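All of the numbers you see were taken from the coordinates with simple rules; none came from a lab. Just so it is clear, the model here is predicted, and its values are computed rather than measured. We place every Cβ from the backbone using ideal geometry, glycine too, and count neighbours over all the protein chains shown.
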């Protein structure tokens, strides 16, 4: 039973309008195949959109995709 309740809450979270889970530096850097420190430097300079929470950086996959499209066009 607990797994059914868990999947319902996961489905509700995933279908919430306007909500996009945030990726940490390691996850985002792995998607772009660059070093996490390079990604953080790009975020600090404003080249890539990122959110700094304390000392940690978080990234939206959609923002990474937009940056990648800009870089390739």
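Within the range 35-73, the set of residues being in a loop (DSSP other than H, G, I, E, B) and within 14 Å of the chain's Cα centre (by Cα) comprises 48, 49, 50. One residue stands out among those in the range 20-34 that are in contact with a helix residue (DSSP H, G or I) (Cβ under 7 Å, 6 or more places away or on another chain) and not in a strand (DSSP E or B): the one that is surrounded by the most Cβ atoms within 10 Å (Cβ to Cβ), which is 28.
Among the residues of the range 35-60 satisfying the criterion of being in contact (Cβ under 8 Å) with a residue 24 or more places away in the chain and in contact with a helix residue (DSSP H, G or I) (Cβ under 7 Å, 6 or more places away or on another chain), which is surrounded by the fewest Cβ atoms within 10 Å (Cβ to Cβ)? Filtering first and then ranking leaves 57.
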